[in-house]
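Heads up, the thing below is written out as structure tokens.
The values are calculated or read from the model by the stated rules, or taken from the named source; none is laboratory data. Worth saying up front: this structure is predicted, and the values here are computed from it rather than measured. Every residue, glycine as well, gets a Cβ built from its backbone with ideal geometry; the counts of neighbours run over all protein chains shown.
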Amino acid sequence: MELEILDYRIEQIAWSDRTCLNGKSLTIHLPSLQEQIMDLCHAIRIDYEIARPGESKRIIHVLDTVLPIAKVNGAGPAFPGFDGPAELVGTGQTIRIGNLLVTITGRFPHPESLTPIETPREGILDMTGIGADYCHGSDHFHLILSLTPDPTVSNVAFDQALRSIALRCARFLAQVEKTGGAPERRTITLAPVNNKLPKVVLIYQVQSQVIGARTFYYGEEVSKTLPTFVHPAEFFDGAVVSGNYKIERKIPTSLHCSNPYILQLLERHGQSLNFLGVILSRGYNDSFEQKKKMGLWVARLARNLGAEGAVAFMEGTGNGTVDFMQTVKACEDQGIKTVAVLHESNGPKGYERPLVDHPKEADSMISRGNVSERIYIPPLAAVIGGTEIDLHFKAKHDARLPFLFDPTIFYGSYSKMGGSGFRAVYE
Amino acid sequence: MVKVLHYMNQFFAGIGGEEKAGQEVVFIPGAVGAGRVLDDALEHHNAEYATIACGDNYFHEEETKALAAIHDIVDKFNPDVFLAGPAFNAGRYGLACAKVCSWVRDNRRIPAITAMHEDNPGTREIGRNVFVIQTGDSAAAMQECLKRYARLIEKLLTGEQAAAENFRAEYCLAIPRRFTARSGRPDYVRSVDMLLAKLNGKPYESEIPRFETEQHAIPNLTVSLAEATLALVTEGGLVPKGNPDRLESTRGSKYLKYSILGREDFKRGEFEAMHTGYDTATVDQDPDRIVPLDAMRGLEKVQRFKKLHDYYFVTTGTGAMPSKMADLGEGIADELAGAGVNAVILTAT
């Protein structure tokens, strides 16, 4: 299986009377974009904005970010099962704009009828300042769509609409007319390598529970599947899509689509290790018995693939940690050496126990930092997507004023803190 | 010119002893008590010194008001350095010093210095970057302690960052607390490196320390089951529909109790679960599945035990800090023990 990525990068973005990518300058004709998504926007008002890396802008109520990707010459759809029929992806050519995101903000139309677990959490995306290292996408350009549904739209319909709109926009942007610049080309494949190199899998545990806290594979909820093998190339074609609005801990769709763990293991494939591929698993099973079995089945799959080692990370917090640790334990019990990556929750004063579950088998942990530490967050010049930050069910906060909060207020912070090289240490 | 603001309790500020522990927050221009020694030591900096005094009881009983008043004073005086204590082994004073310094440091990002003995409970409330000078357990150590404040302030004022850190290593309490720092390399690189080390039999060090879970022995029943009063307790967030007492759906800050006197089971629609940690839909369908009232009433009728306690207790465990949950648990246990309850069915999610 082999996928070629045609990777464009931009240095400028602006509104214009035509949509095209000229060299590294992207211009967007708003009416053309609106026409593309018109059929998806029934009873939803959309405000459009642009943000660039380093700008003093704070985007609030962020729900998802999507990387612009599209298949070349109609070889199957990107985002299979959503923006087209579910066909196998991960082959042929995929075109993308690697440093641009379609960013969806908004609030659900009927929050009062959502259960606590279905209720989205606030996520702000700071393009500069102290928050930038905590926010997924702060180093990308953004086309921001702020969605305001009217009361006739149900929560379920809004959830579907925002995803459809985002994915359609992503395709539209990837497919823009291009002149005066060649993409960087790279091949995503797992070519046979020296058999003596250690065989390694990536264990990729997502949150999938209920509406508002779920992840899709080919448009299907991962909660309805068993742990499964996924080829790295499928991720680059949008096989995994986020429907998770637990905003600080979510793996955004754009991060599924261009995951630094997958990239890192591909880079070392044939050099220091033999990357066998990804095991997509699910946390937040309802009972301990189920969590344990999920771990056993991941270990079974890793063993059958011939893995000697695994890197494991997870999306989520406490509840999902138990599934995750059962997975680490089961792998180690099978002799598969496993390094597991997690955030710590040491409390605002730093003295709480770091993890809710930590079996002795998990003896090689990578830390992403203390997510419950307070940070002083100064305001930025402009606020996009609303006026008030929802401080996680506690209070509303004027988005133009400074505040003291922990990293859980930032969009995609758990992943981004790891990517920024943060870890917790004793003071 | 440098402005120094010093927080003291009623005793060290010379207002009075225990009888004045209810003293509200008061701003005193100039140095008082031990502050005079520091003011003198900083004379060559042309220091403007001021004092905040607050009664130990007042701070603990009216913490929000006290912090708001301190906030106003800090805003008006606009200090360059904030001091509190020394608290030695005085528990209430130490807690106040820790909380005030942490609050000032977090919000104002100016140096905050306090001092206390290593056994002072205030050591559990020290925020990031607050200096906590180690002291003896009584005010007999005052002079030595004040010299250390002065030396540290000197280093901070002259911008000797490395010297201040050396001072911290030598004279400050080493309280084991974990905070975020930059490792210089992203998690996806470090994790693969660690895996290769592990696979190749090379040394590596786990980045997250492991703590054994504290084991709590389950006490034996002191009466026979037939003579026992049982209570229902849950962290599953079950509250009357509409959540009248506003239990948080995550990071519970309190526990609540609700009467079940005369109630045979929880009817759908009368109760609901406030909890972001599990799928509450099944509990909303049948609340007895998180607090098994129906089953307990059945067992009560056939006299498997004597009586079900008239209240059930509830909090929300998800996202909460273990230390907070330990506090809430103690409160629940005290109430139950006081009410003569012999055993508890505790349901968790």
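Out of everything in the range A:216-262 that is touching a Ser or Thr at 6+ places or on another chain (Cβ under 7 Å) and assigned to a loop (DSSP other than H, G, I, E, B), what residue ends up being surrounded by the most Cβ atoms within 10 Å (Cβ to Cβ)? Per the stated criteria, the residue is A:K250. Every listed requirement among (1) in a helix (DSSP H, G or I); (2) within 26 Å of B:K324 (Cβ to Cβ) is met by B:R128 save one, (1).
Could you list, in sequence order, the residues of the range A:18-60 that are of a type outside the set (D, E, K, R) and farther than 16 Å from A:L143 by Cβ?
Residues satisfying the conditions are A:N22, A:G23, A:M38, A:H42, A:A43, A:I44, A:G54, A:S56, A:I60.
Considering (1) within 14 Å of chain A (Cβ to nearest Cβ); (2) touching a residue at least 60 places away in the same chain (Cβ under 8 Å); (3) touching a Leu at 6+ places or on another chain (Cβ under 7 Å), the lone condition that B:P79 does not fulfil carries the number (1).
The residue of the range A:355-369 that is surrounded by the most Cβ atoms within 10 Å (Cβ to Cβ), among those that are among the charged types (D, E, K, R) and free of Cβ contacts under 8 Å to residues at least 40 places away in the same chain, is A:D357.
Candidates are the residues of the range B:176-197 that are surrounded by fewer than 17 Cβ atoms within 10 Å (Cβ to Cβ) and aliphatic (A, V, I, L, M); the one that is modelled with the highest pLDDT is B:A197.
Residues of the range A:396-427 that are aliphatic (A, V, I, L, M), surrounded by fewer than 24 Cβ atoms within 10 Å (Cβ to Cβ) and not in a strand (DSSP E or B): A:A399, A:L401.
Looking at the range B:5-83, the helices (runs of 4 or more DSSP H) lying wholly inside it that each contain 2 or more residues that are at pLDDT below 95 and closer than 17 Å to B:A96 by Cα sit at B:56-61, B:63-77. Looking across the range A:24-64, just one residue is surrounded by 14 or more Cβ atoms within 10 Å (Cβ to Cβ), in a loop (DSSP other than H, G, I, E, B) and of a type in the set (G, A, S), and that is A:A43.
Yes/no matrix, rows are residues, columns are (1) hydroxyl-bearing (S, T, Y); (2) under 26 Å from the mean Cα position of the chain (by Cα); (3) modelled with pLDDT of 95 or more:
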residue: A:K293; (1), (2), (3): no, yes, yes
residue: A:V298; (1), (2), (3): no, yes, yes
residue: A:L301; (1), (2), (3): no, yes, yes
residue: A:G309; (1), (2), (3): no, yes, yes
residue: A:N319; (1), (2), (3): no, yes, no
residue: A:F324; (1), (2), (3): no, yes, yes
residue: A:E332; (1), (2), (3): no, no, yes
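Note on the range A:299-328: residues that are in contact with a strand residue (DSSP E or B) (Cβ under 6 Å, 6 or more places away or on another chain) and of a type in the set (D, E, K, R) amount to 3. When each of B:A115, B:A139, B:A98 is tested for being over 21 Å from B:Q161 (Cβ atoms) and more than 14 Å from chain A (Cβ to nearest Cβ), the lone residue that passes is B:A139. Within the range A:370-391, the set of residues being within 28 Å of B:P176 (Cβ to Cβ) and crowded, with 16+ Cβ neighbours inside 10 Å comprises A:N370, A:V371, A:S372, A:E373, A:R374, A:I375, A:I377. Counting residues in the range B:223-239 that are closer than 30 Å to B:V132 by Cα and either at the interface with chain A (Cβ under 7 Å from one of its Cβ atoms) or among the aliphatic types (A, V, I, L, M) (or both) gives zero. Of all the numbered requirements in (1) part of a loop (DSSP other than H, G, I, E, B); (2) touching a residue at least 12 places away in the same chain (Cβ under 8 Å); (3) facing chain A (nearest Cβ under 7 Å), B:R210 misses one, and that requirement is (2). Every listed requirement among (1) more than 24 Å from the chain's Cα centre (by Cα); (2) more than 7 Å from chain B (Cβ to nearest Cβ) is met by A:G350 save one, (2). Of all residues in the range B:146-168, exactly one satisfies the criterion of being in contact (Cβ under 8 Å) with a residue 60 or more places away in the chain and of a type in the set (F, W, Y), namely B:Y149.
Residue pairs whose Cβ atoms lie under 9 Å apart, sitting 6 or more positions apart in sequence or on different chains, and linking a residue in the range A:309-324 that is facing another protein chain (nearest Cβ under 7 Å) and in a helix (DSSP H, G or I) to a partner that is crowded, with 24+ Cβ neighbours inside 10 Å and of a type in the set (F, W, Y), are A:N319/A:Y284. Scanning the range A:177-204 for residues that are within 14 Å of another protein chain (Cβ to nearest Cβ) and touching a strand residue (DSSP E or B) at 6+ places or on another chain (Cβ under 7 Å) gives A:L197, A:P198, A:K199, A:V200, A:V201, A:L202, A:I203, A:Y204. Examine the range B:251-263 for a residue that is farther than 27 Å from A:Y284 by Cα, surrounded by 20 or more Cβ atoms within 10 Å (Cβ to Cβ) and of a type in the set (V, I, T), and state whether such a residue exists. Among the residues of the range B:251-263, at least one is farther than 27 Å from A:Y284 by Cα, surrounded by 20 or more Cβ atoms within 10 Å (Cβ to Cβ) and of a type in the set (V, I, T), which makes the answer yes. Would you confirm whether any residue within the range B:160-167 is among the small types (G, A, S), closer than 16 Å to A:E427 by Cβ and surrounded by 17 or more Cβ atoms within 10 Å (Cβ to Cβ)? For the range B:160-167, residues among the small types (G, A, S), closer than 16 Å to A:E427 by Cβ and surrounded by 17 or more Cβ atoms within 10 Å (Cβ to Cβ): present. Looking across the range B:144-192, just one residue is in a strand (DSSP E or B) and more than 7 Å from chain A (Cβ to nearest Cβ), and that is B:C172.
Of note, A:F108 satisfies the criterion of being touching a residue at least 40 places away in the same chain (Cβ under 8 Å), among the aromatic types (F, W, Y) and not in a helix (DSSP H, G or I).
Take the residues in the range A:165-215 that are in a loop (DSSP other than H, G, I, E, B) and among the β-branched types (V, I, T); name whichever of them is farthest from A:P252 (Cα to Cα). Top of the filtered list is A:V193.
Considering the range B:98-139, the residues that are acidic (D, E) and surrounded by fewer than 17 Cβ atoms within 10 Å (Cβ to Cβ) include one that is farthest from B:K3 (Cα to Cα), namely B:D119.
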